[in-house]
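Reviewing the structure listed below.
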Amino acid sequence: LIGDSSDLDFRTIATSAELEAAVAAIRSKGRFAIDLETTSVDAVRAEIVGVALAWEVGAAVYIPITHRNVEQLPLEQVLAAIKPLLEDPAIGVVIQNLKYEDTIFLRHQIKMTNVVFDPMLASYVLRVDGRRHGLDLLAREILKRKMISYDEVTEKSRGHQLSFGEVDIGRATDYAGEDAEVALALAEKMIPQVETAGLSSLLYDVEIPLSRVLTRMELAGVAVDVKLLAEMSSAFGTDLDSLEQRAHQLAGQQFNLASPKQLREILFDQLGLPPQKKTKTGYSTDSEVLEVLAVHHELPVILLEHRMLSKLKGTYLDALPKLVNPKTGRIHTSFNQAVAATGRLSSSDPNLQNIPIRSERGRDIRRAFVAAPGHTLLCADYSQVELRILAHLSGDAELVDAFTQNEDIHARTARAIFGLGPDQAVPPAERGQAKAINFGVIYGKTDFSLAKELQIPRAEARRFIQEYFKLYDGVRQYMDDTIEQAKKTGSVTTLLGRRRELSQIKAANHNVRKQAERMARNTPIQGTAADLIKVAMIRVDQRLAAEKCRSKMILTVHDELVLEVIHEELETVSALVREEMEKAFELDVPLVVDIGTGDTWADAH
């Protein structure tokens, strides 16, 4: 059950003398791996069940804390023994999924000093291709070992799953000890891989320090107005009822708005609207189809609004109050560092990325995220950062000049596309279309997709794109060169060297190949933007500490940072945030940060 090797030595520690001996051995070795067994995947709430330590590959010890009917040491004594090791700058610490353990240790007033490796984060920088980076998978792929599964050791297959504290101490020791020992073994194998790939700086200067920043942000959490959420939920419920009634009127009958079968019958059979695409169960009624049908009839418009409100109500208005931590009275979202293939951060419980910011309904939800008494929320947002990065990467003279002169880039593009003179005012509609084209180019939009977005003829969309590339011919050359380079190397990289594999860039299938080409165009830009905000977060965090500020970073969404700032520190924090964000990268064009403040997230944006 331990794995493929019979040479593994996992022992249980239950006495003070054994614990002291383990600590002495680690101090002599100068580095070790540690793994915590806990009661929850939520690090803000999890309690420690046991501690596993490994300082030699092939061996580990497990210190049970809350196992039943087993001699064990109290948690306070165990933490007091390992705290000096974790806080000693001369002793290297290896941890799989650093942020999780870091959060728990900080809750117990332990500040790790010298984290030297995290296999999960190393795997993420080595293989940013959407794969998982769990310990069991890495053990299988890199060490050629099969680990004991948690479900196996807790006997989940037998129907009644044991808590870890109920697991036989021998099996618990093997399971927990293996976690620590495998992390150490992976470190020995993967450190040279990181160095050979030229990714040491990305791992040690960006991802590992960022993990420490995210730990503090998660622990800080954000306050929410639970009463306002309840009021909004009730209002949304009333609006949903009205929309449902209107849908029934338009259809001439009552039906279940969530039933694809009933929707197909009403939209295509009864109303005679044109079907768009077919699935295994019949014609699709997904949002993309409804958006197309919305130009033909009011019912799809009502259905889209109903879906949007229903999702917002269920995902945020009804869910957020349940996520409030009873001890802190705040919500502690989890930032996902090793998921997105572009290097971007995401979040869960709640997913902050999916709150729509351009709609009034989305801004309403942001109003429920509030500043604590005596504080203000400060929102710092990079302005047009992906277009600025495109200007730097492509070297296009027109783009560089526009940003250097602090010109409205969307207005400049609009003038070229619509043939407006330099002194002519650009109407809002034309500027909006130019904005869609500017960003559409980054994402490799075709004339078909642009026409669909702007609701214009395809020939006109094609002309827009042609005019764009006439103006910014350096961008076209950069895009072409990037795709050609991707075909040669099978990957693309960001400014900091983050690599994304594109194995389908030469695929025979046209659609598959074109999708890979869009990734090749987009990843260096979006990935560099992701690296930029990460570096900015690290620098802002360091400055807050250096200036001894009590204000804290609490949220990040895409190119935006949110801080909870003590009133008397507002001027200082505003200045340092702007300075560190705008100087995070040295580009050929200036980085610009927009800062807003307010009592709520919506007011600050």
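The values are calculated or read from the model by the stated rules, or taken from the named source; none is laboratory data. Keep in mind that this is a model prediction, so the values were computed, not measured. When we count neighbours, we look across all protein chains shown, and the Cβ atoms used for this are built from the backbone with ideal geometry, even at glycine. Note: accessible area is taken over every heavy atom of the protein model, side chains too, but ligands, DNA and RNA are not part of it. Shrake-Rupley method; radii C 1.70, N 1.55, O 1.52, S 1.80 Å.
Shape verdict for segment 34-74, please, from the Cα gyration tensor: rounded (a/c under 1.5), prolate (a/b greater than b/c) or oblate.
Verdict is oblate for segment 34-74.
Grab the Cα-Cα distance for V41 and Q245, subtract it from 0.36 nm times how many residues apart they are, and report the gain in nm with one decimal.
Extra length from V41 to Q245 when fully extended: 69.2 nm.
Just one of (i) 110, 62, 46; (ii) 82, 60, 60; (iii) 73, 60, 49 is Cα extents along the principal axes in Å calculated from these coordinates, so which is it?
After the calculation, the listed value that fits is (ii).
Based on the Cβ-Cβ distance of Q515 and L304, what FRET efficiency does E = 1/(1 + (r/R0)^6) give at R0 = 30 Å, to the nearest 0.05?
Once the sixth-power term is evaluated, E becomes 0.70.
If each of Q477 and E288 carries a label point 7 Å out from its Cα toward its Cβ, how far apart are those two points in nm?
Placing both labels 7 Å beyond Cα along the Cβ direction yields 3.5 nm.
K111: which lysines have alpha carbons under 26 Å from its alpha carbon, excluding same-chain residues fewer than 8 sequence positions away?
Counting by Cα, and skipping residues close in sequence, K111 has these lysines nearby: K29, K83, K99, K327, K534, K548, K552.
Output the DSSP H helices from the chain with an along-axis C-alpha extent of no less than 15 Å and a mean Kyte-Doolittle hydropathy no less than 0.5.
Helices meeting the span and hydropathy rule in the chain are 75-87, 208-220, 298-312.
I'd like the per residue volume of the convex hull spanned by the Cα atoms of segment 105-236, given in cubic angstrom.
217 Å³
Relative contact order for segment 3-105: what percent, with Cα pairs under 8 Å and sequence separation of 6 or more?
Once normalised by length, the contact order is 32 percent.
Within the P(r) computed for segment 280-328, what percentage of the Cα pairs occupies the region above 12 Å?
The share of Cα pairs beyond 12 Å in segment 280-328 comes to 70 percent.
Quick check: Cα centre of segment 60-100 to Cα centre of segment 335-400, how many Å?
If we compute the Cα centre of each part, the gap is 37 Å.
Could you tell me the center-to-center distance, by alpha carbons, between segment 562-581 and segment 216-294 in angstrom?
41 Å
Using r as the Cβ-Cβ distance of D318 and T196, and R0 as 35 Å, what FRET efficiency do you calculate, to the nearest 0.05?
That pair, D318 with T196, gives E of 0.10.
Using θ = phi - 60° and the Karplus form 6.51 cos²θ - 1.76 cosθ + 1.60, what ³J(HN,Hα) does each residue of segment 55-66 get, whole Hz, x for Gly and Pro?
Calculated HN-Hα couplings, in order: 10, 9, 5, x, 8, 6, 10, 10, 10, x, 10, 10 Hz.
How about segment 449-544: which trypsin sites (Lys or Arg not before Pro) there are in a DSSP loop, with at most 15 other Cβ atoms within 10 Å of their Cβ?
Listed in order of number, the matching sites are K506.
Given a 1.4 angstrom probe, what's the average accessible area per residue across the chain, in square angstrom?
Value returned for the chain: 45 Å² of accessible area per residue.
Heavy atoms only, probe 1.4 Å: what % of the accessible area of segment 328-454 goes to carbon and sulfur, would you let me know?
51 percent
Using R₀ = 25 Å, calculate the FRET efficiency as 1/(1 + (r/R₀)^6) where r is the Cβ-Cβ separation of D9 and S149; round to 0.05.
It comes to 0.75.
In percent, how large is the relative contact order of segment 96-204, given Cα pairs closer than 8 Å and 6 or more residues apart?
Relative contact order for segment 96-204 comes out at 30 percent.
Using 0.36 nm times the number of residues separating E231 and A546, minus their current alpha carbon distance, what extension gain do you get?
Extending this stretch completely gives an extra 109.2 nm.
Computing the accessible area with a 1.4 Å probe over protein heavy atoms, can you report the carbon and sulfur percentage for segment 544-601?
On segment 544-601, the fraction of accessible area on carbon and sulfur atoms equals 46 percent.
Using only C-alpha positions, report the orientation-averaged shadow area of the convex hull of segment 417-520, nm², one decimal.
If I average the Cα hull's projected area over directions, I get 8.0 nm².
Work out, step by step, the length gained on full extension between T279 and N336: first 0.36 nm times the residue separation, then minus their alpha carbon distance; give nm to one decimal.
The T279-N336 span can extend by a further 17.2 nm.
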